[in-house]
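Where a number appears in this text, it was derived from the coordinates with a stated rule and is not lab data. Just so it is clear, the model here is predicted, and its values are computed rather than measured. A quick note on method: Cβ atoms are made from the backbone with ideal geometry, for glycine too, and the neighbour counts reach across all protein chains shown.
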There are 2 protein chains.
Amino acid sequence: MARVTITEIARRAGVSKGAVSYALNGQPGVSASTRARVLRVAAELDWVPNSAARMLSGARTDTIGLVLARGATREPSVLEFVAGMETVLARHAQVLLLRMASGVDEEVAGYRKWASERRVDAVVVVEVLVDDPRVALLGSLDLPALVAGDPGLAGGLAAVGVDDGAGVTALVEHLVGRGHRTVGWVSGPAHLGRVHVRERAFAAAEGIAVRQHATDLTGGAVDAATRELLGGDDRPTAIVYDGGPAGVAGLSAIGRLGLRVPDDVAVVVWGDSAVCGVTEPALTAVGCDVAAYGAAVGEGVLGLVGGRLRGGMMGAVPTLRVRDSS
Amino acid sequence: MARVTITEIARRAGVSKGAVSYALNGQPGVSASTRARVLRVAAELDWVPNSAARMLSGARTDTIGLVLARGATREPSVLEFVAGMETVLARHAQVLLLRMASGVDEEVAGYRKWASERRVDAVVVVEVLVDDPRVALLGSLDLPALVAGDPGLAGGLAAVGVDDGAGVTALVEHLVGRGHRTVGWVSGPAHLGRVHVRERAFAAAEGIAVRQHATDLTGGAVDAATRELLGGDDRPTAIVYDGGPAGVAGLSAIGRLGLRVPDDVAVVVWGDSAVCGVTEPALTAVGCDVAAYGAAVGEGVLGLVGGRLRGGMMGAVPTLRVRDSS
DNA sequence: TTGTACGCGTTATCAC
DNA sequence: GTGATAACGCGTACAA
C-alpha cells in the first residue's frame with residue numbers, strides 16, 4: 001500500500017534516481033545489466049509513475065482538453081464522437097479533460113486558463129462557427145489546437161473535418177434520381193460552420209433548388225419551418241432536416257398537415273442516429289460514422305502534439321442510408 | 001510569454017518561496033506588508049500556478065474522474081448529466097477527467113490505474129449494476145468513489161441517487177387514475193440497478209399488474225417486445241418504455257399493429273427528453289431534471305473529497321409530464 | 001556508464 | 001508572530 005517511488009527503487013537496486021529513470025523509460029545511458037535489475041525491482045514493487053511528477057518534469061501532461069457547449073447536449077451524436085476520440089487517446093496513454101461552457105466567452109476563458117496552468121498539451125475545438133472567435137484566440141495563444149471541422153473554417157489552425165460536400169453530392173443525387181427538383185431544408189443556425197459549408201455545396205449543386213429555413217432545431221421551430229415550407233404554392237417535394245430529433249419533429253409536423261411520407265413529401269435527415277431507424281416510416285439519413293470521425297480527430301490531435309500534423313485533412317465521408325422516408 | 005514561477009516572485013519580493021506561497025494562498029505566517037508586496041508582484045507578473053506542481057506538492061489533484069460505458073452513447077441524457085456535474089465542479093475549480101470503457105473489466109482497470117497514478121481525487125460511478133463488481137473493487141481501493149445511483153446498490157460507498165420509487169408511485173397513480181389495470185413495461189436490461197429498483201417498486205404497487213419485458217432497447221428488441229405484449233388475449237392497455245428512443249420505436253411498433261395511441265394503447269416513457277415532446281402523439285414521460293441530478297452528484301463528490309459526505313442521499317425526484325400519449 | 005542538480009508549488013519543521 | 005529551509009516525485013541536462 002505504501003507508495004513506491006523511483007528513489008525507493010534506486011535504493012534497492014543500488015543505483016541513482018537518474019539511472020532508474022533512464023532504465024524505466026528505455027533511454028540509453030545505462031548498462032543492460034543495470035537496466036534489467038532496475039526493471040525487475042520496479043516490477044516487484046508494482047511501481048507506477050506519479051502522474052503529477054511526470055507532468056511537472058516533462059513538458060507534457062499527456063492530457064487533451066475538450067470544451068463542449070452546453071447546448072451540444074441535444075445532439076445525440078456528440079457523446080459518440082467523444083467516445084471515438086477518447087478511445088484513440090486512451091490507446092496512446094493520453095487522458096481527456098472535459099469542460100462544458102455556456103458560451104464562447106466562457107470557452108475562450110477556459111482555454112486561457114488551461115494554457116496558463118499548463119493543464120493540457122492541446123485542445124480540440126468542436127462545432128466551429130463562421131468567423132469563430134475561438135479560432136482567432138487559439139491562433140495567438142501558446143496552446144496547440146485542432147479544429148474538428150472544415151479546414152476552410154480553421155483560420156490556419158490544424159483541422160480534421162467531415163467531407164460535407166461529398167455528403168451533399170450523395171444527397172442531391174439521391175433526390176434528383178427520384179424526381180425531386182425543389183427541396184426544403186430545415187437547418188441548424190446559419191452561423192454554424194457545418195451549416196455554412198452545406199449551404200455553399202447546395203448552392204453549387206445542379207438540377208435542384210434548395211429553400212433553406214435556418215432554425216434552432218427546437219420542436220416548435222421545426223414545426224413552424226415545416227408549415228411555412230409546405231404552406232405555399234410551389235411547395236417542395238422533399239425536406240431535409242438537420243439531425244434525428246428534428247427529423248422526428250418534422251415527421252410529426254407533416255402528419256399534422258395531413259400529408260404522408262414519403263408519398264406526398266419525402267424526408268431526409270442530415271446526421272444518422274439510432275432514432276432514424278425506428279420511426280414510422282424509418283428516416284433516410286446521410287451521415288458519417290461519428291465514432292470513426294472522433295477517432296480521426298483523436299489521431300489528429302496526437303499528431304499535432306507530436307509535431308507530425310500540419311494543415312487540414314478530411315477525417316470522414318458521409319454516406320447515404322436509404323430507408324422508407326424518401 | 002516567459003513562464004512566471006513563485007521563485008521569480010520570491011526573488012523580486014525579496015522573500016523565500018515558502019513565504020510567497022503562504023501569501024498567495026491566504027495562509028497565516030507572513031506579515032501584512034509582506035503579503036501585500038507579494039500579491040502586488042504576482043499580479044504584475046500575471047502569475048498562474050502550474051497545475052502539475054500543485055498536484056505534486058499537495059495531496060490533491062483537483063480532478064474528478066468519470067468513466068462512461070461505451071454503450072451509454074445511446075442514452076440522450078448522459079451528456080446532460082455530465083454537463084450538470086461539470087458545472088458544479090468548474091465552480092469549485094475542479095476539472096473532469098473522462099474515460100470511455102468497453103466493459104466492466106476495462107473500467108475497473110481504469111480505476112486501478114488512476115488510483116496508482118494519483119490522477120484523480122475521486123471517481124463517480126454511473127449506471128450502477130446489481131451486484132456491481134466496480135462497487136466491490138472501489139470499496140477495497142484507496143480511491144474515494146461516489147455512486148450515482150440508488151444507495152441500496154452502493155454496497156456501503158457514498159451514493160447520490162434518484163428517487164425512482166417516487167417516480168413509480170407518480171406513474172402508477174396516473175395510470176390507475178385513467179383506468180389502466182394491466183400495464184406492459186419494455187425495460188432496459190434486468191441487471192441495471194435502475195431497472196432493478198423500479199421492478200421492486202412496481203411489484204409493491206397496488207391496483208396494477210405490470211408485465212415486464214427486459215430488452216437491450218434496440219429498435220428490433222422494442223418492436224418484438226411490443227408485439228408480444230399486444231399479441232395475447234389479456235393485453236395491457238398501457239405500455240411503459242425505458243427512454244425516448246425506445247418510446248419512438250414503441251409508437252412505430254404499435255402503429256404497425258394497427259392500433260392507435262392513446263385510444264387503443266397508452267404509452268409512457270421513463271426518462272423525459274426532447275424527442276418525447278415532438279413525436280405524434282407527444283409522449284407522456286416521467287423523469288427528473290437530469291442536469292440538476294448531475295449537479296447534485298457533483299456536489300456529492302466534492303463533499304466526499306472534502307470529508308463532508310457520508311452514506312447516501314437522494315439527489316433528484318422524478319416528476320410526471322403528461323402529454324398526449326396517455 | 002553513472003551520479004548530481006534543477007525545476008515546480010505546497011507544507012512540515014525549524015530558527016529567530 | 002515572522003520568515004527561511006527542505007522535502008515531495010519524476011525526467012533530463014550536465015558533470016564526473
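What the table below lists for this structure:
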read-out: Average partner coverage of A:272-284, which counts Cβ from other chains inside 10 Å; value: 5
read-out: Overall form of the range A:164-287 per C-alpha gyration tensor (a/c, 1.5; a/b vs b/c); value: rounded
read-out: Dipole axis of the range B:6-47 (+1 Lys, Arg; -1 Asp, Glu on Cβ), positive-most option in B:S16, B:A43, B:I6; value: B:S16
read-out: Residue mean of other protein chain beta carbons inside 10 Å, B:39-48; value: 1
read-out: Straight-distance crosslink candidates among aspartates and glutamates, where the alpha carbon sits under 14 Å from A:K113 and sequence neighbours closer than 8 are dropped; value: A:D105, A:D121, A:D142, B:D46
read-out: Other protein chain Cβ atoms within 10 Å, averaged over every residue that makes up B:80-88; value: 4
read-out: Low-density loop positions, GluC sites (Glu not before Pro), the range B:166-206 - DSSP coil, at most 16 other Cβ in 10 Å; value: B:E206
read-out: Residue-averaged 222 nm ellipticity for chain B, from DSSP H runs of 4+ at -39500 (n - 2.57), nearest 500; value: -13500 deg cm²/dmol
read-out: Trypsin sites (Lys or Arg not before Pro) restricted to the range A:1-56 and DSSP loop, no more than 13 other C-beta within 10 Å; value: A:R3
read-out: Over the range B:6-47 - Rg/Rh using Cα atoms and the Kirkwood inverse-distance radius; value: 0.90
read-out: The range B:192-315: relative contact order in percent, alpha carbon pairs under 8 Å with at least 6 residues between; value: 17 percent
read-out: J(HN,Hα) series, the range B:40-52, from Karplus relation 6.51 cos²θ - 1.76 cosθ + 1.60, nearest Hz, glycine and proline x; value: 5, 4, 4, 5, 4, 8, 6, 6, 9, x, 5, 5, 5
read-out: FRET efficiency, B:R200 to B:R308 (Cβ-Cβ, R0 30 Å, nearest 0.05); value: 0.50
read-out: Residue-count net charge about B:A266 - beta-carbon cut-off 13 Å; Lys, Arg +1, Asp, Glu -1; value: +2
read-out: Charge sum, other residues only, whose C-beta stays under 12 Å from B:A296's C-beta, Lys/Arg counted +1 and Asp/Glu -1; value: -3
read-out: At most 11 other Cβ within 10 Å, DSSP loop - trypsin sites (Lys or Arg not before Pro), the range B:171-274; value: B:R260
read-out: Student exercise, the protein assembly as shown dipole from Lys, Arg, Asp, Glu Cβ charges, in Debye to nearest 20; value: 2960 debye
read-out: Reciprocal of mean inverse Cα separation for the range A:1-131 (Kirkwood radius, Å); value: 17.6 Å
read-out: Ordering of A:244-251, B:91-98 by burial proxy (mean other Cβ atoms within 10 Å per residue, highest first); value: A:244-251, B:91-98
read-out: The range A:30-175 - percent relative contact order, Cα under 8 Å, separation 6 or more; value: 19 percent
read-out: Assigned charges on the beta-carbon of Lys, Arg, Asp, Glu; chain A dipole about Cα centre (debye); value: 1640 debye
read-out: Cα-based Rg / Dmax (Å) for the protein assembly as shown; value: 27.6, 89
read-out: Cα-centre dipole for the range A:69-115 with unit charges at Cβ (Lys and Arg positive, Asp and Glu negative), debye to 20; value: 140 debye
read-out: Average Cα contact separation per residue, chain A, under 8 Å, 6 or more apart, as relative contact order %; value: 18 percent
read-out: Considering only the range B:58-163, percent of DSSP beta bridges that pair antiparallel, nearest 5; value: 0 percent
read-out: Rounded if a/c under 1.5, otherwise prolate or oblate - chain A, Cα gyration tensor axes; value: prolate
